[in-house]
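Encoded as structure tokens, the structure appears first; notes follow it.
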């Protein structure tokens, strides 16, 4: 049984999509680290923005976020969503694009998946098979 990642797409992203996604990620990380987004929930967390994926038409950006320690992900995503108009305006001002992409926030599940794989690799059955 194969499991398809929720982030995978049929077509590889273009260099422009990757570049713009990375610019958006940097700007949002800068805004969070400087405390430019005035929200009590966000002020109480250190948030990692692991990736920003941009649609081919550059009108939608999906930011994958995780608070340090992985706790309170729901309130953090809600707080970011509440402030997305401000974030979008700041991103648009920085990037000088014709249209600023609409930004949505999702929980980054890659940390959880990596932990699951580590547990599998450390299981006695796998160790037996690898001879470790």
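Please treat every number below as a calculation from the coordinates, not as lab data. All values derive from a computational prediction rather than experimental measurement. For neighbour counting, all protein chains shown are included, and Cβ atoms are generated from backbone atoms with ideal geometry for every residue, glycine included.
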Can you pull out the residues in region 31-55 that are in contact with a helix residue (DSSP H, G or I) (Cβ under 9 Å, 6 or more places away or on another chain) and part of a helix (DSSP H, G or I)? 31, 32, 40, 41, 42
Can you pull out every residue in region 66-95 that is in contact with a strand residue (DSSP E or B) (Cβ under 8 Å, 6 or more places away or on another chain), without any contact (Cβ under 8 Å) to a residue 60 or more places away in the chain, surrounded by 15 or more Cβ atoms within 10 Å (Cβ to Cβ) and part of a helix (DSSP H, G or I)? 73, 76, 77, 80, 84, 87, 88
I need the full set of residues from region 96-132 which are crowded, with 16+ Cβ neighbours inside 10 Å and either under 12 Å from residue 24 (Cα atoms) or over 19 Å from the mean Cα position of the chain (by Cα) (or both), in order please. 100, 101, 103
